[in-house]
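The values are calculated or read from the model by the stated rules, or taken from the named source; none is laboratory data. Here the structure is a predicted model, which is why all the values come from computation and not from measurement. Accessible surface areas use protein heavy atoms only, side chains included; no ligands, DNA or RNA. Shrake-Rupley method; radii C 1.70, N 1.55, O 1.52, S 1.80 Å.
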Amino acid sequence: MMTEKNVVFVNAAVDDGSEVAKMMRYFKEADPDDMSQGDLSKRVHYLKCEKGGYKEMCEVAEKIYEQGEMENAKKMAISLHESGVAEDIIAKAANVSVELVRKWLGLQLA
């Protein structure tokens, strides 16, 4: 089943006093003590101020960081491979296995 998706662009610099403008200001400021946005405000407060939420945010941030690190390592591996560097040296530089480097490069495992 296909669902239609809509994209809405909002100029967050405009503050015309509308509800949309208030929400954009909320997004820009991200004040966890501002409870003007109902459930969204409650969730933001939980994630930023409460022990369980803070732990949750740390875990999410760590996953994002690790994904970024792996993506950077993959880009480096591809670049080094294109420069003629051997897979074992690339693996050592990227601190990953040779098998993972070969997977990134689309090479057959030996």
Student exercise: in the chain, how many lysine pairs 8 or more apart or on different chains have Cα atoms under 27 Å apart? 24
Mind checking the angle between helix 39-49 and the chain's longest principal axis? C-alpha axes, 0 to 90 degrees, to the nearest 10. 60 degrees
Of the candidate values [x] 14.6; [y] 18.2; [z] 15.0, the one computed for Kirkwood radius over Cα pairs in Å from this structure is [y]
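Over region 1-42, average the accessible area per residue using a 1.4 Å probe and give it in Å², no decimals.
Details: 3660 Å² over 42 residues.
Heavy-atom accessible area per residue stands at 87 Å².
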Against the longest alpha carbon principal axis of the chain, how many degrees, from 0 to 90 and to the nearest 10, is the axis of helix 51-82 turned? 40 degrees
